[in-house]
1. Determine whether K155 is on the phi < 0 side of the Ramachandran plot and modelled with pLDDT of 80 or more.
2. Kindly provide the set of residues from region 40-64 that are part of a strand (DSSP E or B) and touching a helix residue (DSSP H, G or I) at 6+ places or on another chain (Cβ under 9 Å), ordered by number.
3. Going by what's in this entry, would D82 be described as modelled with pLDDT of 75 or more and either under 13 Å from the mean Cα position of the chain (by Cα) or within 25 Å of E33 (Cα to Cα) (or both)?
4. Answer yes or no: is there a residue in region 86-97 that is polar (S, T, N, Q), open to solvent by 80 Å² or more (accessible area, probe 1.4 Å) and modelled with pLDDT under 75.
5. Give all pairs with beta carbons closer than 6 Å in which a residue from region 58-80 that is exposed (fewer than 14 other Cβ atoms within 10 Å of the Cβ) meets a residue that is not in a strand (DSSP E or B); count only pairs at least 6 apart in sequence or on separate chains.
6. Output the residues belonging to region 23-59 that are at positive phi and over 23 Å from the mean Cα position of the chain (by Cα).
7. Tally the residues that are polar (S, T, N, Q), open to solvent by less than 50 Å² (accessible area, probe 1.4 Å) and part of a strand (DSSP E or B), restricting the search to region 11-39.
Amino acid sequence: LNTVNAGGLLRTKSLQTGGSVLEKLATFLNNPEYQKLKVEDVELDFAIQDGTLIVEPFDFKMAKQKASFGGTMTLEQDLDFDLNTEIPLQSLKADKYLQQFNSLASGRVPLTLKIGGKATKPTVKPSLGDLKADLGKELKQKLDKAVDSAKTLVKEEVNQKLDALVKEAEAKGDQLIE
């Protein structure tokens, strides 16, 4: 079976499924809408190369959000799939804190679920992709701007005090000359 090669297209008007992967997703997001997956008008390209099922990424809606799914499964039932979607910012517990970041102005957070393990016991690892790095860069920019602003204020205040001291010294000097 390791030498089996084939390909095809699965087309369906409607498909509904559930299971442990979706239950884990619903638990992670604290949203029961993700427990069941219903997709309509799906065209799924697949191939079998050397006994490994390859599902080309395809687009669909999941809990009213755009999503895509694709990956591989071996004959030993090892899974390596990615489910990519965006979730509403309010799905995260830190949504009020995160709202201050421009990179999240859309109110959506990119989410990738790495689905691995075995078909009989899948594992789900959520990843927010580059969100941490993006937020770190944005936070650094905000801090740099705040530091620059503080430096400017301090310089202005020091210059004002220096000007006042110079004027005072000039006035005292003028008094001594008279």
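The values are calculated or read from the model by the stated rules, or taken from the named source; none is laboratory data. All of these numbers come straight from a predicted model, not from anything done at the bench. Every residue, glycine among them, receives a Cβ derived from its backbone with ideal geometry; neighbour counts consider all protein chains shown. These area figures cover heavy atoms from the full protein model, side chains too; ligands, DNA and RNA do not enter into them. Shrake-Rupley method; radii C 1.70, N 1.55, O 1.52, S 1.80 Å.
1. Working: on the phi < 0 side of the Ramachandran plot: yes; modelled with pLDDT of 80 or more: yes.
For K155, the condition - on the phi < 0 side of the Ramachandran plot and modelled with pLDDT of 80 or more - is met.
2. Let us first name the residues in region 40-64 that are part of a strand (DSSP E or B), namely 40-49, 52-62.
Within region 40-64, just M62 meets the criteria.
3. On the way: modelled with pLDDT of 75 or more: yes; either under 13 Å from the mean Cα position of the chain (by Cα) or within 25 Å of E33 (Cα to Cα) (or both): yes.
Considered against the rule, which asks whether it is modelled with pLDDT of 75 or more and either under 13 Å from the mean Cα position of the chain (by Cα) or within 25 Å of E33 (Cα to Cα) (or both), D82 comes out as yes.
4. Restricting attention to region 86-97, the residues satisfying the condition of being polar (S, T, N, Q) are 90-91.
With open to solvent by 80 Å² or more (accessible area, probe 1.4 Å) added as a condition, the list becomes 90.
With the extra rule that they be modelled with pLDDT under 75, the set shrinks to 90.
Yes, region 86-97 contains at least one residue that is polar (S, T, N, Q), open to solvent by 80 Å² or more (accessible area, probe 1.4 Å) and modelled with pLDDT under 75.
5. Between residues of region 58-80 that are exposed (fewer than 14 other Cβ atoms within 10 Å of the Cβ) and residues that are not in a strand (DSSP E or B), the close pairs are L75/L1; L75/G51; Q77/A119.
6. At the first step, the residues of region 23-59 found to be at positive phi are 30, 41, 50-51.
Within region 23-59, D41, D50, G51 meet the criteria.
7. Residues flagged as polar (S, T, N, Q), open to solvent by less than 50 Å² (accessible area, probe 1.4 Å) and part of a strand (DSSP E or B) within region 11-39 amount to 1.
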